[in-house]
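Student: Handing you this structure, nothing more for now.
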Amino acid sequence: MTRQPQPPASEARPHQSLITDQFGPQAAAYVASAVHASGADLGQIAALAARHRPARALDLGCGGGHVSFALAAAAGQVVAYDLSADMLAAVLAEGGRRGLGNITAQQGSVDQLPFADASFDLVASRFSAHHWHDLDRALAEARRVLAPGGIAIFADVTSRGGPLVDTFLQALELLRDPSHVRNRSAEEWQAALARAGFRPEAPSFARLRLDHPSWLARMNVPPVMAAAITALQQAAPAEVARHLEIETGGHFTLDTLVVVARPG
Ligand SMILES: C[S@@+](CC[C@H](N)C(=O)[O-])C[C@H]1O[C@@H](n2cnc3c(N)ncnc32)[C@H](O)[C@@H]1O
């Protein structure tokens with residue numbers, strides 16, 4: 001049997017490099033992604049922004065920029081914030097193509113925001129928090145930069161099916177993307193938001209069907225991992241197959257959540 005040479009743990013890259021290595025080369029795919037460019041959650045964020053008309057809005061983990069684009073119509077200024085310089089360049093280019101002159105970009109990690117206290121009226125984040133390894137610290141930072149009377153909106157994939165479904169869900173996500181940390185449950189979100197000094201509302205839930213080939217292509221998943229995902233889907237017990245609506249061809253359906261929170 002031939003063994004793959006394995007680097008010692010001391011040579012492994014930090015989690016942040018894993019994230020930028022995963023997302024940087026895929027920036028164009030995230031700008032173009034139909035899953036990210038649409039959705040009721042995006043509509044919810046746009047509607048809340050239209051109601052609040054924030055002078056300054058912050059998009060944490062902006063990825064391909066769809067939240068920033070949605071906020072730009074209602075906000076005075078939008079800061080698109082991400083670890084990946086490639087993502088930010090793609091967002092500015094697409095914002096320019098759309099004639100959105102009020103988006104600026106800033107690179108950094110959500111757990112250390114380079115912004116003054118109370119400097120934003122609206123903070124939003126969508127499909128990014130499942131990569132945050134220290135959710136408490138990131139939410140404390142989001143709370144710190146949110147002005148009194150401001151509003152925060154967090155949208156992400158969530159875990160709803162109990163421990164069995166949860167284990168399969170996180171495993172599928174991790175095989176696709178080694179920078180995945182965790183799809184948190186609504187209870188985890190509520191507790192973490194409260195610890196950070198937010199007053200969270202009851203979350204709203206939706207379902208999101210993922211097209212298997214484009215879900216894999218967006219993360220440039222290597223064949224060995226794609227094969228493991230297929231094997232895991234085929235090994236899923238009935239409870240998991242039912243909850244995730246695993247289809248022939250590997251398409252499946254996730255739970256998503258939106259939680260709105262105000263300073264506590
Ligand atoms: C799936 S994309 C986000 C999609 C986008 N928000 C949307 O609605 O279309 C996830 C993004 O989160 C970013 N990200 C992950 N961890 C981060 C962190 N700790 N700080 C800042 N950005 C982070 C990644 O670089 C990536 O661009």
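Student: Based on the Cβ-Cβ distance from Gln107 to Ala238, what FRET efficiency comes out when R0 is 41 Å, to the nearest 0.05? Display every interim value, and only then the final one.
Tutor: Numbers: r = 45 Å, r/R0 = 1.10.
Efficiency for this residue pair is about 0.35.
Student: Given contacts defined as C-alpha pairs under 8 Å and at least six residues apart, what's the relative contact order of the chain, whole-number percent?
Tutor: Values: 474 pairs, mean separation 47.6, N = 264.
After rounding, I find 18 percent.
Student: Once you have all Cα-Cα distances for segment 139-185, histogram them in 5 Å bins from zero and send the whole-percent values.
Tutor: Reading the bins upward from 0: 5, 18, 21, 15, 13, 13, 9, 6, 0.
Student: What is the local net charge at Leu169, summed over the other residues whose Cβ is closer than 14 Å to its Cβ (Lys, Arg +1; Asp, Glu -1)? Intermediate values should be presented prior to the final figure.
Tutor: Values: positive: Arg160, Arg176, Arg182, Arg184, Arg207, Arg242; negative: Asp156, Asp166, Glu173, Asp177, Glu188, Glu239, Glu245, Asp255.
With Lys, Arg at +1 and Asp, Glu at -1, the neighbours total -2.
Student: What distance in nm separates the simple spin-label points at Ala202 and Val35, each placed 7 Å from Cα in the Cβ direction?
Tutor: My value for the distance between the label points is 2.9 nm.
Student: Can you pull the three principal axis extents for the Cα set of segment 202-255, in Å, largest first?
Tutor: Between the extreme Cα coordinates on each principal axis of segment 202-255 lie 39, 26, 17 Å.
Student: Is it possible to state the helix-based mean residue ellipticity at 222 nm for the chain, with each DSSP H run of 4+ residues giving -39500 (n - 2.57), the sum divided by total residues, to the nearest 500 deg cm²/dmol? What is it?
Tutor: Values: 12 runs with 113 residues, N = 264.
Theoretical 222 nm ellipticity from helices: -12500 deg cm²/dmol.
Student: Turning to a different aspect of this structure: Using alpha-carbon positions, what is the distance between the centroids of segment 79-95 and segment 211-246, in Å?
Tutor: 29
Student: Ratio of segment 5-107's C-alpha Rg to 2.2 N^0.38 Å, to two decimals? Please report the intermediate quantities before stating the final value.
Tutor: Numbers: Rg = 15.5 Å, N = 103, 2.2 N^0.38 = 12.8 Å.
Relative to the rule-of-thumb radius for its length, segment 5-107 sits at 1.21.
Student: Work out Dmax and Rg for segment 91-213 from the C-alpha atoms and quote the Rg first, both in angstrom.
Tutor: 16.1, 47
Student: Taking 7 Å along the Cα-to-C-beta vector as the label spot, tell me the His133-Arg262 distance in nanometres, rounded to one decimal.
Tutor: The answer from the label model is 3.6 nm.
Student: What translational diffusion coefficient, to the nearest whole µm²/s, does segment 156-213 have by Stokes-Einstein, given a Kirkwood radius computed over alpha-carbon pairs, a temperature of 10 °C and 1.306 mPa s viscosity? Each step should come with its number before you reach the end.
Tutor: Numbers: Rh = 12.9 Å.
Answer from the Stokes-Einstein relation: 123 µm²/s.
Student: Additional query: Once phi is turned into ³J(HN,Hα) by the Karplus curve 6.51 cos²θ - 1.76 cosθ + 1.60 with θ = phi - 60°, what whole-Hz value does each residue of segment 118-133 show in order, with x for glycine and proline?
Tutor: Ordered by residue, 3J(HN,Hα) equals 6, 9, 10, 8, 9, 10, 10, 8, 9, 6, 10, 4, 6, 9, 7, 7 Hz.
Student: To two decimal places, what compactness ratio does segment 158-264 give when its Cα radius of gyration is scaled by 2.2 N^0.38 Å?
Tutor: On the way: Rg = 15.3 Å, N = 107, 2.2 N^0.38 = 13.0 Å.
Relative to the rule-of-thumb radius for its length, segment 158-264 sits at 1.18.
Student: Please report, in whole Å, how far the alpha carbons of segment 51-140 spread along each principal axis, starting with the longest.
Tutor: Result, largest extent first: 35, 28, 20 Å.
Student: Which translational diffusion coefficient, to the nearest whole µm²/s, is obtained for the chain from the Stokes-Einstein equation, given a Kirkwood hydrodynamic radius over C-alpha pairs, 37 °C and 0.692 mPa s?
Tutor: On the way: Rh = 19.0 Å.
My calculation gives 173 µm²/s for D.
Rule-based calculations on the coordinates, nothing more; no lab input. Treat the numbers as computed from the prediction; the structure is a model and nothing was measured. Heads up, the Cβs are rebuilt from the backbone with ideal geometry, glycines too, and the neighbour counts pull from every protein chain shown.
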